[in-house]
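What follows is a set of notes on a single structure, which appears directly below.
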Amino acid sequence: MENFKIDVDADGIALITFDVPGRSMNTLTSGVMAEIPEWVERVKTDDAIKGAVLTSGKPSGFCAGADLGDMASGMLGGADLQAAYDAGWRLNGALRALETCGKPVAAAINGLALGGGLELTLACHYRVVGDDPKIQLGLPEIKVGLFPGGGGTQRLTRLIGVQAAMMAMSEGKSFRPSDARGAGIVHEVVAKGSEVEAAKAWIKGGGKAVQPWDDKSFKLPGGGPYHPAGIQNFLVGNAMLRKQSYGNYPAVLNLMKAVYEGVQVPMDAALRIETRYFIKTLMTPQAQGMIRSLFLSKQELDKGAVRPAGVPKSDPRKVTVIGAGMMGAGIAYVQAMAGIETILIDRDQEAADKGKAHVEELLKKRLSRGQLTQEKFDALLASVTATTDYDLIKGSDLVIEAVFENREIKADVTKRAEAQLAPGAVFGSNTSTLPITGLAEASVRPEDFIGIHFFSPVDKMMLVEIILGEKTGEAAIAKSLDYVMKIRKTPIVVNDGRGFYTSRCFGTYVAEGLAMLEEGYAPAMIDNIGRMTGMPRGPLEMHDDVALDLSVKIAKQTKEDLGDAYQPLPGWKIVQTMVEDLGRYGRKNGKGFYDYDSKPKKLWSGLSELAPVKINDSTPEMIEDQKQRLLYRQAVEVARCWEEGVIDDPREADVGAILAWGFAPWTGGPITMIDQTGLKAFVAQADAYAAKYGDRFSPPQLLRDMAAQGRTFYGDFAGKQKAAA
């Protein structure tokens, strides 16, 4: 076998080492799944083997789950449902054979075990995990539009009960070793490095070779659907899942169906039920879009898919951040975590120290969770120098400017910083709206000037948008991408333009919420409809989060730059009055569309005077129409960005939209949404909205041409890739 090695010791215990060649992490490839039945059969039939221990040969983890690219190509190659089911059953059948082999099998979990990796261990009779806070155990498939399809829905439910299992699977929750032991997912937590020894000790101590659910006396923890207590899990759970998903994710509903039906039958039948629902889910457009964008495309971008070829790899070791506010301090933190020496500069020492204090606060959270030792904590904090001295920039590979969104201030910072930089070092502006080409006018080295746009909070937001000015060179692009990959963020590269890609398109969501407010829709209805689209928050509350005064500042700068060409957005007067006359800046000062002086927050009562409610009644048809309105407005702007050359890679467009502003993940992203809707149907609906609400919905000529020619974005992109190859 290529992926498993078997060594039988003097006690007759087979140590099965899982080690996929050529990879830093084990995954369940088609080759791995083909070999599992081989070693299971040997364990079962070899009289010299009394029991087995399964562990990993990788220092980085036990198993990260299924190889989704491999799996999707094997199950989505055609419309043959039987072939898809057979492919889906391979893992379930193999793991069922494992747990019924008649000999005790223990899993020695010496690294993270996620998705199919955890499901593999759940089919073992005993689970031992190392005491390491870096280890995660969980079933996160829901995050890519799927649910566990390797027995997880049935085994986890039978281990810990319907309620706990459904919460873990529907949220994609991961457990640390001690939490997994407390939940009943693993049996033992042992010192790191002693997992195999402990697993063997269990076998030698008379480990039982029968799973609890195969024992005639087994009872489902908490009860099943017809148990007085168990029925509540499904009655309440159904409502809770609907609240979480708004019906946008087939995986959530199919997960509950698989659990509901599966717990009422023996395990063999339950696994067949799970496989049927899993294949049904896998074939939905939602799952296909999410797998492509949130797994395959994201993985490609994380590995530098858009990095210029032929530019030597760089390794930034010292980076200066200018501006020690929440954004700059957040950048300093992620740099420190990546082992980068950081100079954190602000206008006075107090402001710089405050920024470093934020870094310390974030590090203390990791220390309290056992994710850092005190020694490591001290070293990371010491790697950040808070100062006002621009001379300390010397030796930096990169400077990131994160100061106030004002062209004059940024120009001054640029000149002062560049005076300290060696040739070839990169200057990056963390602006969210100001065109990079214009900012680069203050630079004496525009080929090394680039936009590096982070999102707040930096420690949690995974995207970084890299923006090219007209004179930005390939070396600067490559070095910026190397930096983003080193701090473990996902990069996208876009061309210059006002608002670039993410800020420009995100702005249409909050702006359309304002338009609805001006039209007389009830504020609560607007935000509820926004959430029902799958967006993380409603447009009004999201506007509060971003800050209303920032919107006013950006609008004024835009008006100053565009002159007579500037056109105020619908509802603009409402925001201007709230900021300039009433001092309502949003969440940051506790007063915006909502009041934040109590929990939960409440809609501001004075809003009805600025925007009288005219539409307060709703029907399912009206709600669906307004949901589509909010999504279409964003997608039309994405198409305009494509036509204007701001973005030209569907992977970056989709991944960027989901990670940056939370564009409804169930769609797979705006480009996938357009492709799956069909260009002709999308253009027709956009035209209908344009006739009703205004030219902002009018589809660009690009979409009309593509619709007439029967083209798609991903189809065109695939063609380009093949031609290049």
Selection from the range 579-605 of residues outside any strand (DSSP E or B), open to solvent by less than 70 Å² (accessible area, probe 1.4 Å) and of a type in the set (Ser, Thr, Tyr) yields Tyr596, Ser598
Tell me the strands (runs of 3 or more DSSP E) entirely within the range 316-431 that contain at least 3 residues that are crowded, with 17+ Cβ neighbours inside 10 Å and aliphatic (A, V, I, L, M). 318-322, 341-345, 398-401
For Met516, the lone unmet condition from (1) surrounded by fewer than 24 Cβ atoms within 10 Å (Cβ to Cβ); (2) within 22 Å of Asp617 (Cα to Cα); (3) touching a Lys or Arg at 6+ places or on another chain (Cβ under 9 Å) is (1)
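Do you know which residues across the range 186-207 are over 37 Å from the mean Cα position of the chain (by Cα) and either basic (Lys, Arg) or open to solvent by 30 Å² or more (accessible area, probe 1.4 Å) (or both)? Lay out the reasoning, then the answer.
Looking only at the range 186-207, we keep the residues that are over 37 Å from the mean Cα position of the chain (by Cα), and these are 200-207.
If the condition is that a residue be over 37 Å from the mean Cα position of the chain (by Cα) and either basic (Lys, Arg) or open to solvent by 30 Å² or more (accessible area, probe 1.4 Å) (or both), then Lys200, Ala201, Trp202, Lys204, Gly205, Gly206 are the ones that fit.
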When you check Gln576 against the structure, is it over 32 Å from the mean Cα position of the chain (by Cα), in contact (Cβ under 8 Å) with a residue 60 or more places away in the chain, under 22 Å from Glu405 (Cβ atoms) and open to solvent by less than 80 Å² (accessible area, probe 1.4 Å), yes or no? no
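Can we say Thr45 is under 28 Å from Trp213 (Cα atoms), in contact (Cβ under 8 Å) with a residue 40 or more places away in the chain and among the polar types (S, T, N, Q)?
On the way: under 28 Å from Trp213 (Cα atoms): yes; in contact (Cβ under 8 Å) with a residue 40 or more places away in the chain: no; among the polar types (S, T, N, Q): yes.
Taking the combined requirement at face value, the residue does not satisfy it.
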So, in the range 299-323, how many residues would count as being over 18 Å from Ala718 (Cβ atoms) and either in contact with a strand residue (DSSP E or B) (Cβ under 7 Å, 6 or more places away or on another chain) or hydroxyl-bearing (Ser, Thr, Tyr) (or both)? 10
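Across the range 667-699, what is the total count of residues that are touching a Pro at 6+ places or on another chain (Cβ under 6 Å), open to solvent by 10 Å² or more (accessible area, probe 1.4 Å) and within 29 Å of Glu518 (Cβ to Cβ)?
1
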Within the group Ala180, Ala164, Ala201, which residue is more than 18 Å from Leu120 (Cα to Cα), out of contact with any Pro (no Cβ under 9 Å at 6 or more places or on another chain) and of a type in the set (A, V, I, L, M, F, W, C)? Ala201
Considering every residue within the range 254-261, establish whether at least one is within 29 Å of the chain's Cα centre (by Cα), within 27 Å of Trp89 (Cα to Cα), in a helix (DSSP H, G or I) and charged (D, E, K, R). yes
Pairs only if they're at least six apart or on different chains, beta carbon under 7 angstrom, first in the range 378-403 and within 23 Å of Leu481 (Cβ to Cβ) and touching a residue at least 12 places away in the same chain (Cβ under 8 Å), second in a strand (DSSP E or B) and open to solvent by 60 Å² or more (accessible area, probe 1.4 Å); list them, first residue then second. Ser383/Glu341
Quick one: which residue in Val144, Val128 is open to solvent by less than 10 Å² (accessible area, probe 1.4 Å) and either in contact with a helix residue (DSSP H, G or I) (Cβ under 8 Å, 6 or more places away or on another chain) or closer than 20 Å to Val32 by Cβ (or both)? Val128
Subset of the range 197-230 (residues that are part of a loop (DSSP other than H, G, I, E, B) and farther than 26 Å from Val128 by Cβ): Lys216, Gly223, Gly224, Pro225, Tyr226, His227, Pro228, Ala229
Condition set under 34 Å from the mean Cα position of the chain (by Cα) and among the basic types (Lys, Arg), scope the range 579-614, selection farthest from Leu517 (Cα to Cα): answer is Lys599
The range 445-472, residues that are open to solvent by 10 Å² or more (accessible area, probe 1.4 Å), part of a loop (DSSP other than H, G, I, E, B) and among the hydrophobic types (A, V, I, L, M, F, W, C): Phe455, Met461, Met462
Is at least one residue of the range 618-626 surrounded by fewer than 22 Cβ atoms within 10 Å (Cβ to Cβ) and part of a loop (DSSP other than H, G, I, E, B)? yes
Which residues, counting only those in the range 93-140, are of a type in the set (Lys, Arg), under 20 Å from Met25 (Cβ atoms) and part of a loop (DSSP other than H, G, I, E, B)? Lys134
What pairs come up if the first residue lies in the range 648-674 and is without any contact (Cβ under 8 Å) to a residue 60 or more places away in the chain, the second is among the acidic types (Asp, Glu) and open to solvent by less than 10 Å² (accessible area, probe 1.4 Å), and their beta carbons are under 6 Å apart, counting only those six or more places apart or on different chains? Ile671/Asp654
Reported set for the range 235-245 where residues are modelled with pLDDT of 85 or more and either surrounded by 18 or more Cβ atoms within 10 Å (Cβ to Cβ) or touching a Leu at 6+ places or on another chain (Cβ under 9 Å) (or both) is Leu241, Arg242, Ser245
Answer with yes or no whether Val210 is surrounded by fewer than 18 Cβ atoms within 10 Å (Cβ to Cβ) and closer than 24 Å to Trp89 by Cβ. yes
If only one of Leu540, Leu548, Leu562 is open to solvent by 20 Å² or more (accessible area, probe 1.4 Å) and without any contact (Cβ under 8 Å) to a residue 60 or more places away in the chain, which one is it? Leu562
Answer with yes or no whether Thr437 is surrounded by fewer than 23 Cβ atoms within 10 Å (Cβ to Cβ) and outside any loop (DSSP other than H, G, I, E, B). yes
Please verify whether Met290 is under 17 Å from Gly428 (Cβ atoms) and of a type outside the set (Gly, Ala, Ser), treating the condition exactly as stated. no
Tabulated pairs, the range 462-476, first modelled with pLDDT under 95, second open to solvent by less than 70 Å² (accessible area, probe 1.4 Å) and part of a strand (DSSP E or B), C-beta under 8 angstrom, 6+ apart or interchain: none
Take the residues of the range 644-666 that are closer than 16 Å to Leu702 by Cα and among the acidic types (Asp, Glu): which is most open to solvent (accessible area, probe 1.4 Å)? Glu644
Considering Ala97, Ala106, which residue is among the hydrophobic types (A, V, I, L, M, F, W, C) and open to solvent by less than 10 Å² (accessible area, probe 1.4 Å)? Ala106
Top-ranked residue in the range 473-508 [being open to solvent by less than 10 Å² (accessible area, probe 1.4 Å) and small (Gly, Ala, Ser); ranked as farthest from Glu447 (Cα to Cα)]: Gly499
Filter result (among the acidic types (Asp, Glu), surrounded by 14 or more Cβ atoms within 10 Å (Cβ to Cβ) and modelled with pLDDT under 90) within the range 32-91: Asp67, Asp70, Asp86
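The values are calculated or read from the model by the stated rules, or taken from the named source; none is laboratory data. Values in this document were obtained by computation on a predicted structure and should not be read as measured data. Neighbour counts run over all protein chains shown; Cβ positions are idealised from the backbone, glycine included. Quick note on the areas: whole protein, heavy atoms, side chains included, nothing else; ligands and nucleic acids left out. Shrake-Rupley method; radii C 1.70, N 1.55, O 1.52, S 1.80 Å.
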